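The values are calculated or read from the model by the stated rules, or taken from the named source; none is laboratory data. Note that the structure is predicted; figures quoted are calculated from it, not measured. Using ideal geometry, Cβ is built from the backbone for each residue, glycine included, and neighbour counts are taken over all protein chains shown. For the accessible areas, the whole protein counts, side chains as well, though only heavy atoms, and no ligand, DNA or RNA atoms are used. Shrake-Rupley method; radii C 1.70, N 1.55, O 1.52, S 1.80 Å.
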Amino acid sequence: MPPVTKVSMGNWPRVQDGSSQPKLRDLFGLVREIVWSKVPEERRPGLLILIGLLLVADKVFVIGLPFVYGALIDSLGVGIELALPLGLVLAYGLFRIADTVLDNVMDMLMDRVSLRAIRRVTTDVYSHILRLPLSYHLDNRKGGLAQSVERGTRALEDLANVTLLGFLPIIIELVIAYILLFARYDVLSAMILAATMVLYLLAVVLFDRVRSRLVGRVNEAEDRVSDLIVEGLSYAETVKTFAAETRQARAVDAAMEDYRGRAMKVSVYFMLRQVTIALILSGSLVILLALTVPKVSTEALTVGGFVALAALILRLFQPLRGLGIVNRRILDSLRHTERMMSLFEVPNTITDQPGAPDLAPGPGTLRFEQVSFDYPSKGQVLSGLDFTAEGGRTTALVGPTGAGKSTIQKLLLRLYDPTEGAVRIDGQDLRAVRLDSARDALGVVPQDCVLFHDTIDANIRYARPDATDAAVREAARMAAFSDFVESLPLKYDTVVGDRGLKLSGGERQRLAIARAYLKNPRIFILDEATSSLDSATEAEIVRNFTTAGEGRTQLIIAHRLSTVMHADQILVLDGGSLVEQGTHEDLLSLGGLYADLWERQTEAKTEAGPDAGPAETSNRGG
Ligand SMILES: Nc1ncnc2c1ncn2[C@@H]1O[C@H](COP(=O)(O)OP(=O)(O)OP(=O)(O)O)[C@@H](O)[C@H]1O
Ligand SMILES: [Mg+2]
């Protein structure tokens with residue numbers, strides 16, 4: 001199996017055995033790391049002692065309450081000295097206040113930890129997902145993915161809470177209360193209480209195990225709902241184009257119905273669990289009280305003692321119930337983090353080898369060495385591809401739709417690794433150099449450029465966030481984009497809308513060209529970068545690039561052959577293989593596929609009239 005990706009930050013638990021359900025041990029490890037990572041080593045023991053003291057103090061007050069209450073009742077009577085009962089009332093009040101204050105202080109401390117946990121986990125997981133291979137992103141819808149991360153983060157927060165403020169205090173409380181009960185009252189009551197506890201825990205464990213499975217199914221349904229909602233919203237224009245608003249809403253409704261059904265099962269199941277538990281606890285309470293009543297009548301126990309006992313039993317049930325809640329929340333956390341944690345198992349081979357060097361500077365020569373490539377869902381797309389694009393020269397890549405031209409661009413960006421052979425820049429295998437350094441050397445205008453919902457300035461600057469305003473404007477000028485921008489009321493501060501869709505196709509393309517230019521790369525790769533532009537604008541950009549791009553390597557993919565006829569070298573690709581190679585003149589005299597395409601484009605041009613641009617190599621949109 002390929003190595004699992006290293007995460008950007010921190011030290012995530014790696015799920016080793018390939019099972020998708022995360023291990024509790026891993027999650028606790030993570031929680032511990034999050035809780036402790038910001039605390040210096042030498043302060044940890046002190047902090048632990050402080051937390052322990054706070055917890056024990058709180059529990060002493062909580063459990064002390066019934067006893068103070070019992071003593072207070074016993075101290076009441078006609079014509080008694082008032083000092084004692086009044087003192088006890090005061091003590092009762094102080095105990096209550098102390099309990100509330102300690103509780104809330106601990107809650108606040110816990111929030112500090114959980115908020116840190118949420119921040120850390122969200123950032124870690126987000127950067128991990130971004131680093132997953134492109135194929136993963138193409139295979140997964142976004143809504144459910146985001147939902148699963150949100151759910152997973154909250155669950156980890158909850159787990160941190162449960163561990164620190166749920167589990168430990170409950171155990172402390174149970175132990176203290178049980179010891180007191182045992183010391184003050186009889187063995188039989190203590191035994192019955194022990195039996196109640198066992199019965200209760202058994203019921204909780206059995207019920208919650210099934211519940212956890214049901215919760216997993218609810219989560220799946222919830223992710224599907226998010227997928228549908230996010231997708232529908234993202235492609236609103238397509239939905240409207242096909243008047244599919246109702247259909248889209250119905251799909252969400254159907255998914256919601258599925259979710260509702262599954263969530264209802266959890267609810268019914270929860271009701272059964274609660275009723276069973278209540279039966280166990282109330283039954284036990286009834287038996288215990290029935291056993292104690294005779295003692296009061298024989299004066300073996302005072303009324304106050306009876307009240308204190310009843311209160312203590314009820315108090316004892318509280319941590320017991322707490323244990324049930326903790327059990328449920330831990331199992332839920334495991335379920336809720338399931339999908340998020342499984343992201344760390346997604347194999348990622350597109351990563352840096354340990355200690356990989358940066359791409360060394362050079363003239364920018366691109367080399368494909370016997371490269372074959374297949375997409376898993378498609379089969380072979382490139383086979384035995386072998387060519388060199390000389391540094392500083394312009395190489396054109398032409399061929400029918402689906403021939404594999406954009407795939408070549410993606411291999412150069414190392415969005416995928418070749419199945420066979422090697423892709424090299426200046427003699428260095430892309431797999432052997434640091435990924436970011438190789439990508440930094442490339443200025444790419446992809447075939448479908450998508451912009452961020454931000455200003456024109458921010459979108460151009462995305463290539464180089466520290467660029468000066470002058471550099472951004474110069475890049476826009478190079479891309480024949482500046483006149484348009486200057487004509488806008490807000491100029492470079494104009495917001496381009498969702499995915500840049502408030503711009504025309506040609507404006508988007510020119511922004512993408514400006515962005516690639518701003519990067520000031522050694523190598524330009526333009527994949528149909530001017531396909532949406534009129535011939536005059538295209539010619540202007542080509543002119544600009546010829547002067548400013550001097551000495552840079554240019555790889556230009558185009559259907560419109562007039563765009564590339566002046567290239568130093570033209571590669572003709574068909575069905576994933578290189579079929580012809582040479583200059584425009586070479587290829588025309590060869591009389592093969594290129595000559596054929598050229599003839600058809602010039603023919604179409606003559607038919608359309610002398611002013612029309614040349615037609616394209618074949619039907620687009622394959
Ligand atoms: N991620 C992918 N998964 C599976 N198949 C893919 C993927 N991307 C592209 N393909 C397939 O690989 C083939 C080559 O695609 P590519 O985008 O490289 O063609 P192209 O030459 O750029 O075509 P066009 O001129 O239409 O842009 C196509 O048949 C396409 O369906
Ligand atoms: Mg393409």
> Looking at segment 506-587, what strands (runs of 3 or more DSSP E) fall wholly within it and have at least 1 residues that are among the polar types (S, T, N, Q)?
Replying inline: 553-557, 569-574, 577-582
> Any residue at all in segment 412-419 that is more than 27 Å from the chain's Cα centre (by Cα), without any contact (Cβ under 8 Å) to a residue 60 or more places away in the chain and under 27 Å from Gln353 (Cα atoms)?
Replying inline: yes
> Identify, please: which residue in segment 406-425 is under 15 Å from Asp386 (Cβ atoms) and away from ligand 2 (no atom under 16 Å from the Cβ) and is, among those, most open to solvent (accessible area, probe 1.4 Å)?
Replying inline: Glu420
>> Name the residue that is farthest from ligand 1 (Cβ to nearest atom), counting only residues in segment 376-409 that are in contact with a strand residue (DSSP E or B) (Cβ under 6 Å, 6 or more places away or on another chain) and more than 16 Å from Leu555 (Cβ to Cβ).
In response: Gly384
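Here is a yes/no grid of residues against (1) out of contact with any Leu (no Cβ under 9 Å at 6 or more places or on another chain); (2) within 30 Å of Gly261 (Cβ to Cβ); (3) of a type in the set (Ser, Thr, Tyr); (4) not assigned by TED's automatic domain parsing to the domain that holds Gly283:
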{"position": "Val149", "(1), (2), (3), (4)": "no, yes, no, no"}
{"position": "Ala155", "(1), (2), (3), (4)": "no, yes, no, no"}
{"position": "Leu188", "(1), (2), (3), (4)": "no, no, no, no"}
{"position": "Leu199", "(1), (2), (3), (4)": "yes, no, no, no"}
{"position": "Arg213", "(1), (2), (3), (4)": "yes, yes, no, yes"}
{"position": "Glu222", "(1), (2), (3), (4)": "yes, yes, no, yes"}
{"position": "Leu233", "(1), (2), (3), (4)": "yes, yes, no, yes"}
> Are there any pairs with C-beta distances below 7 angstrom linking a residue in segment 31-53 that is open to solvent by less than 100 Å² (accessible area, probe 1.4 Å) to a residue that is among the charged types (D, E, K, R) and at pLDDT 70 or above, with the two at least 6 apart or on different chains, and if so which?
Replying inline: Ile34/Arg116; Ile34/Arg120; Trp36/Arg44
>> Can you report the number of residues in segment 322-353 which are farther than 18 Å from Val125 by Cβ, of a type in the set (S, T, N, Q) and touching a Pro at 6+ places or on another chain (Cβ under 7 Å)?
In response: 1
> Which one of these is within 30 Å of Asp498 (Cα to Cα) and in contact with a helix residue (DSSP H, G or I) (Cβ under 7 Å, 6 or more places away or on another chain): Val204, Val239, Val266, Val218?
Replying inline: Val239
> Among the candidates Gly364, Gly355, Gly379, which residue alone is without any contact (Cβ under 8 Å) to a residue 24 or more places away in the chain and more than 26 Å from Gly575 (Cα to Cα)?
Replying inline: Gly355
> If you check Leu291, Leu316, which single one turns out to be in a helix (DSSP H, G or I) and crowded, with 21+ Cβ neighbours inside 10 Å?
Replying inline: Leu316
> What residue, of Gln353, Gln370, Gln428, Gln380, is closer than 20 Å to Gln581 by Cα, open to solvent by 10 Å² or more (accessible area, probe 1.4 Å) and away from ligand 2 (no atom under 16 Å from the Cβ)?
Replying inline: Gln370
> Could we say that Leu181 is under 14 Å from the mean Cα position of the chain (by Cα) and either assigned by TED's automatic domain parsing to the domain that holds Val56 or under 30 Å from Gly305 (Cα atoms) (or both) here?
Replying inline: no
> Given the structure, is Ala471 small (Gly, Ala, Ser) and either in a loop (DSSP other than H, G, I, E, B) or loosely packed, with under 15 Cβ neighbours inside 10 Å (or both)?
Replying inline: no
>> Can you find a residue that is modelled with pLDDT of 90 or more and closer than 30 Å to Ala221 by Cα anywhere in segment 371-384?
In response: yes
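Within segment 526-534, identify whether any single residue is farther than 20 Å from Gln447 by Cβ and open to solvent by 10 Å² or more (accessible area, probe 1.4 Å), and answer yes or no.
No - not one qualifying residue is present in segment 526-534.
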>> Suppose we keep only residues that are more than 16 Å from ligand 1 (Cβ to nearest atom) and in a loop (DSSP other than H, G, I, E, B) within segment 433-455. Which one would you say is most open to solvent (accessible area, probe 1.4 Å)?
In response: His453
> Pick from Ala403, Ala463, Ala458: which is part of a loop (DSSP other than H, G, I, E, B) and more than 16 Å from ligand 2 (Cβ to nearest atom)?
Replying inline: Ala463
> Which residue, of Arg560, Arg508, is in the same structural domain as Leu397 (by TED's automatic domain parsing) and either open to solvent by 40 Å² or more (accessible area, probe 1.4 Å) or more than 28 Å from Leu359 (Cβ to Cβ) (or both)?
Replying inline: Arg560
>> For segment 154-171, check the following and say yes or no: at least one residue is at pLDDT 80 or above, within 16 Å of ligand 2 (Cβ to nearest atom), surrounded by fewer than 19 Cβ atoms within 10 Å (Cβ to Cβ) and closer than 27 Å to Glu222 by Cα.
In response: no
>> Suppose we keep only residues that are β-branched (Val, Ile, Thr) and touching a Lys or Arg at 6+ places or on another chain (Cβ under 8 Å) within segment 552-602. Which one would you say is nearest to Thr419 (Cα to Cα)?
In response: Ile557
>> Show me the helices (runs of 4 or more DSSP H) found entirely inside segment 77-194 where at least 2 residues are of a type in the set (A, V, I, L, M) and closer than 30 Å to Glu231 by Cβ.
In response: 83-131, 134-139, 142-161
